[in-house]
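Have a look at the structure below, then the notes.
The values are calculated or read from the model by the stated rules, or taken from the named source; none is laboratory data. The shown structure was predicted, so the numbers you read here are calculated from the model rather than taken from an experiment. In this analysis, Cβ positions are derived from the backbone assuming ideal geometry, glycine residues included, and neighbour counts consider all displayed protein chains. Areas reflect the complete protein model, heavy atoms only, side chains present, ligands, DNA and RNA absent. Shrake-Rupley method; radii C 1.70, N 1.55, O 1.52, S 1.80 Å.
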Amino acid sequence: MFTIFKKTRELEAEISKFLDTIIEASIHFKEGMKYYLQGNIGPFEEKVRIIDKLESQADDLRRSVEENLYLNMLLPEARGDVLALLENSDDVLNAVEETIIECSVEKPECKEELKQEMMQLVEAVVDAVDEMVSTVRDYFTNLSDVPNHITKLKVHEHETDEIGERMRRKIFRRDDLDLCQKMQLRDFVLRLEKIADLAEDVGDRVDIYRIKRLV
Amino acid sequence: MTWIFLSSGFLLGWSLGANNAGNIFGPAVGTRMVKFRTAALIASIFVILGAVISGAGAAHTYGKLGAINAIAGSFTAALSAALTVFWMTKFGLPVSTTQAIVGAIIGWDIFSGNLIDTTTLSKILSTWVASPIISGIISFVFYIALRHYLGRVKIHILEMDLYTRIGLILVAAFGAYSLGANNIANVMGVFISSNPFRSLDLGIFKLKDIQVLFLAGGVFIAIGIFTYSYRVIKTVGNDIFKLSPIAALIALLSESIVLFIFASQRLERLLISLGLPPIPLVPVSSSQAVVGGVIGVAIAKKGWKMINYRLLIKIVMGWIFTPVSAGVLTFFSLFVMQNVFTQPVYYPKPHVISDEVIEKLSTLGINDPQLTTLEHKVFKSPVALKNVLKEKTGLSSKQILKVIELSEVDSLLIDSTLVDKLLDPYMFTHCQLKSLKKLHGQLFVYKWQLKDRLQKMCKDWQYIGDKLHDRDINEKLDIIFKKFRISEIRKLRSP
């Protein structure tokens, strides 16, 4: 009996650590993007490396949790939901990683006038990711707070959509950029918007799973 | 031969295990929270424990409704009940062993000319109605309380899962214990008066003859759980399987509590000692109790509109159709058993109003000039005497019952050399045993004569107006009446 309690606690800690990893990655992402926009390429590349490492750590944690859930026959009712949540949250982290790696590879040129809005977009995306993590965390421990987080998450996602659209309009109205530069920047903005979309999808799923879990 | 006659009881036990295990651990296994083998093992152990330790309370009530005194009669009644359950299940009608066996006992009462104890019958019928309602109320309250509690505390989903799992296992154990305690009477109740088993000394503890009978029945319930309940759980599909594990846990807990309160002699004693009205100890239907539990949860969850009136009508129909069909089937089967297979399905209880009876009745204030005209006539059954008393005397029905009780002919022979052998010395006081031994060699034609003599000789036999104490005395007297019946004494004396 004691080992079951111990196993449960270990698994809880793993899930929590997985979510912490996403939060950690999102903080590094924000700082990395700040360095990039400031032109501090050295520290930026350092952040890229850290996020890459965190992403693979999160993968390991997720696999371990999934394996444990199946091996120990835990959560027979909600197991599918929990696995889907972990995988979809991991997709968000993957999108964060891919975005910053793509930035490191392509080094898109961001004009001075666009930098402030770009940073606003990054912050809104990071807020959405953070809120998504809170939503998922509360799905596990505190169902009654889930709706609040989902509302906040939706606000942040909407914010990214608005900033993103505004930026894309501005980008294509500019005369000092080639079409290929405009398209590169547009892709980058869309990538950022996509992260918030994925986070919102996770929130939508949690909303359904929450209803299923109400006793 | 005895084993052949007991087989119908074992069949009932097997069917109870196969059909009702779902009401104990169905959701636990159905939701894959607990492995079938684990659940079945726990349920089997506890069902046997419940039957042996606490089975007597509810079984006693059936004895009052009709003490089937010939084993061929018990066999026929149990078989008829089993067939009724089988057929009604086949036609998709909701059926419970409890209702079938009560019908069967009444069928025997009518066939053998015994009086139907209407007080006991109404007690049984009212618990049928009460049990799903009580179960519903308990589950409603538990559900609301639990939801409120879970809304306040922050429990991790994994811990919740673990607690639910532990809860389902505990409820399976408690449910199985309660099912064994409450429902063993359905399986073995009709065999109590014709019980072929003797008490068993296992060294550490001793099992009374009735407990050995219940042990045998419990083993067959366990066999039913292991051999067939998985298939029933997988195929029958039940309302409880649509619930979440926690809601199912509450429904099952309510069912188990209901089975327990209608079987627990301790609880009864506690209520009496507190001066509260006791809960009657009556076998109830576990399926109906669980339906009550499910409805309670559903109402707590979604309000009154959740009540399925068609299901309720079906349950009420079950209360009527099942006992009636089982009763009719028993009546005709007894006829066949008696006349085609020439087996005694009951031993007649002759009644004779003698001088002693008339004298005793007058001390109780029951006087009727017509009673003397009936003196020394032999009435073959209580019903025959009742009809004559009704026709010829002006006695009230309560007085008629007293006349019937006092004029029942028995033949009790006290043999002091057998007292220590037949009676458990821990059960009787020294004074009680001594007074019995003093009556060595005396023959009593009426039970009350022996009782009166004993009460005069030793105050430990006297009633004091305390319900528990007086019932205890009656139970002890019943044991003596059974053990010192002349037919039993002869069996022991002949090599």
**Asked** How big is the charge dipole of chain B about its Cα centre, in debye rounded to the nearest 20, if each Lys and Arg gets +1 on its Cβ and each Asp and Glu gets -1 on its Cβ?
**Response** 960 debye
**Item:** Buried accessible area, chains A and B (both chains, 1.4 Å probe, Å² to nearest 100)
**Value:** 2000 Å²
**Asked** Averaged over peptide B:158-167, how many Cβ atoms belonging to another chain are found within 10 Å of each residue's Cβ?
**Response** 6
**Message:** At a threshold of 8 angstrom on Cα-Cα distance, excluding pairs fewer than six apart, so keeping six or more, what relative contact order does the range B:2-339 reach in percent?
**Reply:** 37 percent
**Förster radius 51 Å - calculated FRET efficiency between residue B:201 and residue B:122 (Cβ-Cβ, nearest 0.05)** = 0.80
**Item:** Difference of contour (0.36 nm per residue) and Cα-Cα distance, residue B:91 to residue B:209
**Value:** 38.7 nm
**Asked** Expressed in nm to one decimal, what extension gain is obtained for the pair residue B:488 and residue B:328 from 0.36 nm per residue of sequence separation less their Cα-Cα distance?
**Response** 54.3 nm
**Prompt:** How large is the accessible surface per residue of the range A:2-213, computed with a 1.4 Å probe and reported in Å² as a whole number?
**Reply:** 47 Å²
**Message:** Against the 2.2 N^0.38 Å scaling, with N counting residues, where does the protein assembly as shown land? I'd like the Cα-based Rg ratio to two decimal places.
**Reply:** 1.40
**Complete:** Simple SL model, points at 7 angstrom along Cα→Cβ for residue B:459 and residue B:274; separation in nm is 3.2 nm
**Karplus 3J(HN,Hα) series, Hz, for the range B:166-174 with 6.51 cos²θ - 1.76 cosθ + 1.60 (x for Gly, Pro)** = 4, x, 5, 5, 4, 5, 4, 5, 5
**Item:** Selection from A:181, A:156, A:100 lying farthest towards where the dipole of the range A:2-213 points positive, charges on Cβ
**Value:** A:156
**Item:** Protein accessible area in the range B:1-153, 1.4 Å probe - carbon and sulfur %
**Value:** 72 percent
**Request:** Can you tell me the dipole magnitude for the protein assembly as shown around its Cα centre, using point charges on the Cβ only (Lys, Arg +1; Asp, Glu -1), in Debye to the nearest 20?
**Result:** 4640 debye
**Item:** Backbone HN-Hα couplings from phi across the range B:30-44 [Karplus 6.51/-1.76/1.60, Hz, Gly and Pro as x]
**Value:** x, 8, 6, 6, 9, 5, 4, 4, 4, 4, 5, 5, 4, 4, 5
**Message:** Using +1 at the C-beta of Lys and Arg and -1 at the C-beta of Asp and Glu, which of B:358, B:394, B:373 has the Cα lying farthest in the positive direction of the dipole of the range B:351-407?
**Reply:** B:394
**Message:** If I take R0 = 60 Å and measure r between the Cβ atoms of residue A:144 and residue A:109 in this structure, what FRET efficiency does the formula 1/(1 + (r/R0)^6) give, to the nearest 0.05?
**Reply:** 0.80
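Just want to confirm a number: the relative contact order over the range B:184-301, from Cα pairs under 8 angstrom separated by 6+ residues, in percent.
21 percent
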**Request:** Provide a list, ordered by number, of residues in the range A:109-145 showing at least 20 Å² less accessible area with every protein chain present than when their chain is taken on its own, using a 1.4 Å probe.
**Result:** A:140, A:141, A:142
**Request:** With springs connecting C-alpha atoms under 10 Å apart, model chain A as a Gaussian network and identify which of A:134, A:89, A:26 has the largest mean-square fluctuation.
**Result:** A:134
**Asked** In a GNM of chain A with a 10 Å cut-off on Cα contacts, which of A:169, A:191, A:49 has the highest mean-square fluctuation?
**Response** A:169
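Rounding to the nearest 20 debye, state how big the charge dipole of the range B:412-493 is about its Cα centre with +1 on each Lys and Arg Cβ and -1 on each Asp and Glu Cβ.
Result for the range B:412-493 is approximately 340 debye, rounded to the nearest 20.
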**Complete:** Under the 7 Å Cα-to-Cβ spin-label approximation, residue B:355 and residue A:208 lie apart by a distance in nanometres of 9.3 nm
**Message:** Can you list residues from other chains, or at least 5 along the same chain, whose modelled amide H is less than 5 Å from the amide H of residue B:31?
**Reply:** none
**Request:** Among B:230, B:157, B:189, pick out the residue whose Cα is farthest towards the positive end of the charge dipole of the range B:131-236, where Lys and Arg carry +1 and Asp and Glu carry -1 on C-beta, about the Cα centre.
**Result:** B:157
**Complete:** Over 24 Å (Cα to Cα) among A:154/A:194; B:64/B:398; B:360/B:390; B:64/B:482; B:35/B:305; B:380/B:482 -> B:35/B:305
**Inter-chain shielding of A:75-81 (mean C-beta neighbours from other protein chains, 10 Å cut-off)** = 5
**Asked** In nm, to one decimal, how far is the modelled label at residue B:340 from the one at residue A:155, with both set 7 Å along Cα→Cβ?
**Response** 8.3 nm
**Residue among A:35, A:139, A:70 with the largest mean-square fluctuation in a Gaussian network model of chain A, springs linking Cα atoms under 10 Å** = A:70
**Prompt:** Taking the alpha-carbon centroid of each part, what is the distance from the range B:427-495 to the range B:209-287 in angstrom?
**Reply:** 35 Å
**Item:** Reduction of at least 50 Å² in accessible surface, 1.4 Å probe, comparing all protein chains with the chain by itself, residues of the range A:175-215
**Value:** A:215
**Asked** Got a sec? Which residues in the range A:15-29 would a label at residue A:70 touch, if it sits 7 Å along Cα→Cβ and we count backbone N under 18 Å?
**Response** A:15
**Message:** Exposed loop sites here are chymotrypsin sites (Phe, Trp or Tyr not before Pro) in DSSP loop states with at most 15 other C-beta atoms within 10 Å. What is the longest stretch of chain B lacking them?
**Reply:** B:206-340
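Hey, what does the equivalent ellipsoid look like for the range B:2-339, semi-axes from the Cα gyration tensor as sqrt of 5 times each eigenvalue, largest first, whole Å?
Ellipsoid semi-axes (Å, largest first): 33, 21, 19.
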**Item:** Formal net charge of residues neighbouring residue A:78 (Cβ-Cβ distance under 11 Å; K, R +1; D, E -1)
**Value:** +1
**Fill in**
Taking every residue of A:3-13, the Cβ atoms of other protein chains inside 10 Å of its Cβ average out to 2
**Item:** C-alpha center-to-center spacing [the range B:5-75, the range A:187-201] in angstrom
**Value:** 61 Å
